[in-house]
Amino acid sequence: MSSPLTRQATDNSGESSFEFSFFCDRCGKEWKSREKPFTQGGFTVIKDGEIQRMLREQEHRTAFEQANLEAHLHFNRCPLCGKWVCDDCFCAAEIRHGGLCRNCSPSAMPAIDSNSLSEL
Ligand SMILES: [Zn+2]
Ligand SMILES: [Zn+2]
């Protein structure tokens, strides 16, 4: 199982469906994956608890991988600090770097004189 894209993610899956939440690394804004029903591998009724548990585990993993992939479309990776942030926390105008999060974007920070920046 891959690790979640954002530092904070929760599993809201219930008995009959799978759903995951991912949170912006900067402001904590939540993005929820689309709820996926547990299909029991396409079998209609499975009485065997062990098989059901295995199928559920498998679908749970697949659902998570899909949600995790989809999260890439909803969050932006800051190339400087490596955080995954929501659109609100992302400054796409920082084209020199291909976009930066608002923690790293100089234009979003309180005035820093250019001398101190060039020393970096
Ligand atoms: Zn955010
Ligand atoms: Zn950053």
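Just so it is clear, none of the values below were taken in a lab; they were calculated from the coordinates. Bear in mind that the values here come from a model prediction, so they are computed numbers and not experimental data. Ideal geometry is used to build each Cβ from the backbone, glycine not excepted, and the neighbour counts take in all protein chains shown.
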When a footprinting reagent is the concern and you count Cβ atoms within 10 Å, what order do ARG7, ARG56, ARG96 take, fewest first?
ARG96, ARG7, ARG56
Can you list which of the GluC sites (Glu not before Pro) found in segment 1-86 are DSSP loop residues with at most 11 other C-beta atoms within 10 Å?
GLU15
Cut-off is 10 Å between beta-carbons; in what order do LEU73, LEU80, LEU55 appear when sorted fewest neighbours first?
LEU73, LEU80, LEU55
By count of other Cβ within 10 Å, fewest leading, how are SER105, SER3 ordered?
SER3, SER105
